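Visitor: One structure is given below, represented as C-alpha cells, and several questions about it will come after.
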Amino acid sequence: MINNFEFFNPVRIIFGSGEISKAGKIAKKIGGKAILVSYKNQGSLQNSIRKIENILENQNVNYVKFYEITPNPELNEIKRGIDLCKNEDVDMVIGMGGGSAMDAAKIIAAGVYYKEDLW
C-alpha cells in the first residue's frame, strides 16, 4: 500500500570555501538570535566556530552556544538543546560540524515545535 504525502524541507546548507563569510548577513535576515550547535570536542572546527561567532557579532546577531554534541548523540543532548532554544527564544539554529552535529541541529530545530514525545 502506498501512502500519499507531501514533503517540505526548508533547510538551508551553505557549504564551500569562503562561504562562511555569508553567515552573518544570512543570519541577520532571519532574526536577531541564534543557537550555535556543535561538538563538545571541536577539534579542527575550533577556528571555524570562532570565525562564525565573530561574524555574527559583527552583524549584531546574538547567539547562545550549545557545544555539547557527541558522535551519535543521545536523546538527552537533543532535549537540552531544545530546552535552550525555548528558554533563550532563539530565531534560528546554526549547526557547525559533521553528520552528528548537523543532524542534532536539525532535530533541535524541529523539536522546538514538535508537540509529541521526541523519541
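The values are calculated or read from the model by the stated rules, or taken from the named source; none is laboratory data. Fair warning: this is a prediction, and the values are worked out from it, not measured in the lab. For neighbour counting, all protein chains shown are included, and Cβ atoms are generated from backbone atoms with ideal geometry for every residue, glycine included. Please note that ligands, DNA and RNA were not included when accessible areas were found on the heavy atoms of the full protein model with its side chains. Shrake-Rupley method; radii C 1.70, N 1.55, O 1.52, S 1.80 Å.
Visitor: Show the residue pairs that are 6+ apart or on different chains and have beta-carbon atoms under 7 Å apart, the first residue being within segment 74-93 and farther than 18 Å from Val61 by Cβ and without any contact (Cβ under 8 Å) to a residue 24 or more places away in the chain, the second being among the acidic types (Asp, Glu) and surrounded by 15 or more Cβ atoms within 10 Å (Cβ to Cβ).
Guide: Arg80/Glu68
Visitor: Something else about it: Based on this model, can you work out whether Asn9 counts as more than 14 Å from the chain's Cα centre (by Cα), among the polar types (S, T, N, Q) and open to solvent by less than 100 Å² (accessible area, probe 1.4 Å)? Walk me through it before giving the result.
Guide: On the way: more than 14 Å from the chain's Cα centre (by Cα): yes; among the polar types (S, T, N, Q): yes; open to solvent by less than 100 Å² (accessible area, probe 1.4 Å): yes.
So Asn9 passes the test.
Visitor: Now for a different question. Can you name the condition, by its number, that Lys51 falls short on among (1) surrounded by 13 or more Cβ atoms within 10 Å (Cβ to Cβ); (2) among the basic types (Lys, Arg); (3) within 23 Å of Ile82 (Cα to Cα)?
Guide: (3)
Visitor: Can you tell me how many residues within segment 12-65 are polar (S, T, N, Q), at pLDDT below 90 and within 13 Å of the chain's Cα centre (by Cα)?
Guide: 0
Visitor: Here is a follow-up. Do we have any residue at all in segment 97-113 that's more than 10 Å from the chain's Cα centre (by Cα), within 22 Å of Asn9 (Cβ to Cβ) and among the hydrophobic types (A, V, I, L, M, F, W, C)?
Guide: yes
Visitor: Residue under question is Ile14, and the condition is that it be open to solvent by 50 Å² or more (accessible area, probe 1.4 Å) and within 26 Å of Ile78 (Cα to Cα); does it hold?
Guide: Details: open to solvent by 50 Å² or more (accessible area, probe 1.4 Å): yes; within 26 Å of Ile78 (Cα to Cα): yes.
Yes.
Visitor: Moving on. So which residues in segment 89-103 are surrounded by fewer than 18 Cβ atoms within 10 Å (Cβ to Cβ) and under 23 Å from Gln46 (Cβ atoms), if there are any at all?
Guide: Gly98, Gly99, Ser100, Met102, Asp103
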